1. Once label points are set 7 Å from the Cα along Cα→Cβ at both R174 and H113, what is their separation, rounded to one decimal in nm?
2. Using helices alone, what [θ] at 222 nm do you get for the chain, with -39,500 (n - 2.57) per DSSP H run of 4 or more residues, divided over all residues and rounded to the nearest 500?
3. Can you pick out the pairs among K33/K201; K33/K93; K33/K166; K59/K93 whose Cα atoms lie more than 25 Å from each other?
4. Which of D217, D108, D85 ends up with the largest GNM mean-square fluctuation for the chain, with Cα atoms connected below 10 Å?
5. How big is the gap, in Å, between the Cα center of region 107-174 and the Cα center of region 28-90?
6. If we count other beta carbons within 10 Å of each Cβ, what is the order of H121, H143, fewest first?
7. Any idea how far apart K201 and Q43 come out in nm if each label point goes 7 Å out from Cα toward Cβ?
8. Pull up all non-local amide H partners of A212: gap of 5 or more, or a different chain, and H-to-H distance under 5 Å with H placed in the peptide plane.
Amino acid sequence: MAYIIVFGNEKGGSGKSTTAMHVLTALLRCGFKVGALDLDLRQQTLNRYIENRAEYISKNGTPLPMPQRGVMKSAAELSLPEGDDAKLQAFQKAILGLDESCDFIIVDCAGSHSQLAELAHAMADTLVTPMNDSFVDFDLLAHIDPESNLVTGPSVYSEMVWDARKARAETGARPIEWVVTRNRVGAQNMHNKRKVGAALKDLSRRIGFRIAPGLSDRVVFRELFPHGLTLLDIKDVGGGSLNISNVAARQEVRDLVAELQLPGVEVTF
């Protein structure tokens, strides 16, 4: 069976799709067959990223590794009425289709709550939750006392992950590995960074997730999207050496993939 990695966060703007695309490309470059499924049926950011990549390859004749994209069939194609049931069945069929030929399946959830997201979380072997390094995003995971900086209780998202873990345990499947990544960690405001880090460390012990380094707020990530490229592709398409900023960003991707501790994956890119 394919190993399923779900990227989930009910708050938009956390760099979820960018992180998913870089992990996807890393796995492809490690020699694995990778499937991709975008559950944000409205924005389709991951699908757009992959479409841009296919267009770049076509226009430039540059051989780049590509994932196999999963297709969510419409309610009409499934002979079902419109609604959540049709979406859930379409998702399950898309996963089964990818499972036949892939080693890993990357699932990118929408930045909102839905039954589709709940099912995806319950199916995750590894759940990756990117968050911006701020207490605004921390509130997605837990509530915190502003005076003591102590966690007062889990948020609705953490409770949803807990429910997904229970549902998965009832099936006898292996436990979900939950990894929270700190994206856009700035060099400034060290006091805030330490406070967020301490609160995350406290929460990770309480509800059971690992903390991993994420991706910094670099212009290069935004510039690569229209071309469908990642930091791991620049050497192949640029014809030259990487600048210092790009080398540092590439190392961030390496560190993230290593920290995910995915089965059989050695960081060779």
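1. Distance between label points: 3.0 nm.
2. -14000 deg cm²/dmol
3. Where the Cα-Cα span goes over 25 Å, the pairs concerned are K33/K201; K33/K166; K59/K93.
4. D85
5. Answer, in whole Å: 24.
6. Ranked by crowding around the Cβ, least crowded first: H143, H121.
7. 3.2
8. V180, T181, R182
No value in this document is a laboratory result; all are computed from the given coordinates. What you are looking at is a predicted structure, and each value in this text was computed from that prediction instead of being measured. Positions of Cβ are backbone-derived with ideal geometry, glycine not excepted, and every protein chain shown enters the neighbour counts.
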